[in-house]
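For reference, the structure discussed in these notes is given below.
The values are calculated or read from the model by the stated rules, or taken from the named source; none is laboratory data. Here the structure is a predicted model, which is why all the values come from computation and not from measurement. Heads up, the Cβs are rebuilt from the backbone with ideal geometry, glycines too, and the neighbour counts pull from every protein chain shown. With ligands, DNA and RNA removed, areas are computed over all heavy atoms of the protein, side chains included. Shrake-Rupley method; radii C 1.70, N 1.55, O 1.52, S 1.80 Å.
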There are 2 protein chains.
Amino acid sequence: MTFANVGSLETKPGQRDAVLSILVRPMPGLKEAGCLLYEVGVNDAVPDTVFVCELWESPEAHRASLGLESVQAAIEEAMPLLTGEMGGNQFTVLGSPLH
Amino acid sequence: MTFANVGSLETKPGQRDAVLSILVRPMPGLKEAGCLLYEVGVNDAVPDTVFVCELWESPEAHRASLGLESVQAAIEEAMPLLTGEMGGNQFTVLGSPLH
């Protein structure tokens, strides 16, 4: 079942765009790992925060993706720019009014 | 620009599945209104809560959709089953490592 991972990452002051540029850079292997959607963005009313909205084929696919070289490189590069404050939710998708 | 609306709706005790069934029912006009994605789901570790993950063509499209008959009917039907406690984030999508 499709697994949703939506969240917010607080960045150190002034580092939002640097983190954003890391997370929107192509991450080879993501699609093959079962990533269905990975949207990254911001809300100017919420400074120093990057938001992500991800859909995966399964929770296992999401977990396994954290072992991908490209994903680990992005995490390693972004980590020093983050405060560690994170929010969000994970859930199993059960349906949609669209289809 | 794509607008993301991700959130959680707390239901009254025992009303999660009733709210879920309302939100996954087809809502005519949603796609035409600019809805790109509308995923609804649950997390058994977070009882009495329904999660949504929505993508829209724009914030205006999202706002206008609240006036759709099908959306208003769903809101009206679900409202008595909700506590009013809601969480989540809205953001502008700026990119994706997938494409």
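Against chain B, whose longest principal axis comes from its Cα atoms, helix B:69-78 is set at around 30 degrees. Taking one quarter of the surface of the convex hull spanned by the alpha-carbon atoms of chain A gives a direction-averaged projected area of 6.8 nm². Counting only protein heavy atoms and a probe of 1.4 Å, the accessible surface of region B:42-99 is 54% carbon and sulfur. Centre-to-centre separation between the Cα atoms of region B:52-99 and those of region A:12-61: 20 Å. Measuring from each Cβ of chain B to the axis that turns chain B onto chain A, the shortest distance belongs to B:VAL6, 2 (residue, then whole Å).
Put simply, chains A and B cover up around 2800 Å² of each other's accessible surface, both sides summed, when a 1.4 Å probe is used. Residues of region B:1-17 with an amide N closer than 18 Å to a point placed 7 Å from the Cα of A:MET1 along the Cα-to-Cβ direction: B:7-11, B:14-17.
Output the relative contact order of region B:1-76, whole-number percent, from Cα pairs under 8 angstrom with separation of 6+ residues.
Values: 111 pairs, mean separation 32.1, N = 76.
Reported relative contact order: 42 percent.
Need one number: nm distance between label points at A:SER70 and B:ASP17, each 7 Å from Cα along Cα→Cβ, rounded to one decimal. Each label point is offset 7 Å from its Cα along the Cβ direction, giving 4.0 nm. All alpha carbon pair distances within the protein assembly as shown were sorted into 5 Å bins beginning at 0; the resulting P(r) in whole percents reads 1, 8, 15, 20, 20, 17, 11, 6, 3, 0. Shielding value for B:66-79 is 0, the average number of Cβ atoms from other chains within 10 Å of each residue's Cβ.
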